[in-house]
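The values are calculated or read from the model by the stated rules, or taken from the named source; none is laboratory data. No experiment lies behind these values; they were computed from the predicted model shown. Every residue, glycine as well, gets a Cβ built from its backbone with ideal geometry; the counts of neighbours run over all protein chains shown.
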Amino acid sequence: MRAVIVDNPGKESTLRIGEVAAPELGPGDVRIRVAAFALNRGDLLQRLGLYPPPPGASEILGLECAGLVAEVGADVSDWKPGDRAMVLLAGGGYAEEVVAPAPCLLPVPEGLSLTAAAATPEVFLTVHQNVFQHAGLAEGEWLLVHGGASGIGTTAIQLAKEAGARVIVTAGSDDKCSRCTELGADVAVNYKQASFAEAVRDATDGRGVNVVLDHIGADYLADNLASLALDGRLVMIGLMSGAKTQINLGLVVGKRLRIQGSTLRARSVAEKGALIASFQARFGKALTEGRVAPVVDRVLPMAEIEQAHALMQQSGHFGKIVLEVTPGDG
């Protein structure tokens, strides 16, 4: 089968499409013929050698995809060939076929294309896990999301508003801020021109936000803590600006703050299956009815994977970048 191959992993890495062996199907697995896959920041880190797949996972890039079920293992009864599925992966999505444990599949709602579905599992499940399961965002509370124009950000806006919360986001341009408010954000701050901590104080009458979802890390820690209300929760899912910095423990103690780190990729199949079941129970109807949906910036052929990575590296997108797997690519 064809897949994206990383040559010379590291700063000088390049991507190309080549032939690799198709993955083996286990008794509890499902084989998917991939229609499309989406990009995530973790993919960029993996090609640099900074985010290796968990033991036993495919070395091929790709944390999510969608397509048609081609084959099921002997122990699988909930899926059959021809079913439309979107898949949460520990790796392997940049390929014509993937094999995944059955609990890691979600059905594609009737009104959602396979292309859009490819942009759904990683971000929707990440937001559900961190904002709702870990941080417990409740109706009427305030959520601060950094990178509001990203796949995570656009998803967090929608799920938080669906849950009756209020949302502040940061983004890197006035245009992106405007698009975030059109999507439902109550406040959008251009972080290149204004302080998000000051914007939080103004929007919340000085009380602060209840939850912060952050992927920036060290550079934002002080302002994140300052922006949290009493009993606030900070969930960190990335470290784009670094991992080491000083922390004001007085704020943590005085405001009874909670700081939690979280990753999804290396969790067990049982944990991922439970997360998917929880998401379906809470937001499955909203996704099926179209009240929430993945925001797709653009769709490119798989042959343009290098250009797609460059676009993501430059943050030149709003929402998700999706690659279609079609005959003739590469």
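Only one of Leu251, Leu213, Leu159 is crowded, with 21+ Cβ neighbours inside 10 Å and not in a strand (DSSP E or B); which?
Answer to the check: Leu159.
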**Fill in**
The strands (runs of 3 or more DSSP E) lying wholly within the stretch 255-330 that contain at least 2 residues that are closer than 30 Å to Gly208 by Cβ and either touching a helix residue (DSSP H, G or I) at 6+ places or on another chain (Cβ under 7 Å) or β-branched (Val, Ile, Thr) (or both) are 258-261
**Asked** If you go through the stretch 224-245 one residue at a time, do you hit one that is within 30 Å of Val30 (Cα to Cα) and at pLDDT 95 or above?
**Response** yes
**Message:** Quick check on Ile5: is it out of contact with any Pro (no Cβ under 7 Å at 6 or more places or on another chain) and either under 23 Å from Gln314 (Cα atoms) or not in a strand (DSSP E or B) (or both)?
**Reply:** yes
**Among residues of the stretch 44-102, those that are in contact with a Ser or Thr (Cβ under 9 Å, 6 or more places away or on another chain), within 20 Å of Ala277 (Cβ to Cβ) and either surrounded by fewer than 22 Cβ atoms within 10 Å (Cβ to Cβ) or in contact (Cβ under 8 Å) with a residue 40 or more places away in the chain (or both), counted** = 4
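So which of Gly93, Gly26 is under 22 Å from Asp297 (Cα atoms), among the small types (Gly, Ala, Ser) and not in a strand (DSSP E or B)?
Exactly one of Gly93, Gly26 is under 22 Å from Asp297 (Cα atoms), among the small types (Gly, Ala, Ser) and not in a strand (DSSP E or B), namely Gly93.
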**Prompt:** What do you reckon, is Arg298 farther than 26 Å from Cys180 by Cβ, free of Cβ contacts under 8 Å to residues at least 40 places away in the same chain and charged (D, E, K, R)?
**Reply:** no
**Message:** For the stretch 101-127, which positions are over 18 Å from the mean Cα position of the chain (by Cα) and either part of a helix (DSSP H, G or I) or of a type in the set (Gly, Ala, Ser) (or both)?
**Reply:** Ala102, Pro103, Gly111, Ser113
**Asked** What is the one condition in (1) surrounded by fewer than 20 Cβ atoms within 10 Å (Cβ to Cβ); (2) part of a helix (DSSP H, G or I); (3) touching a residue at least 12 places away in the same chain (Cβ under 8 Å) that Thr181 does not satisfy?
**Response** (3)
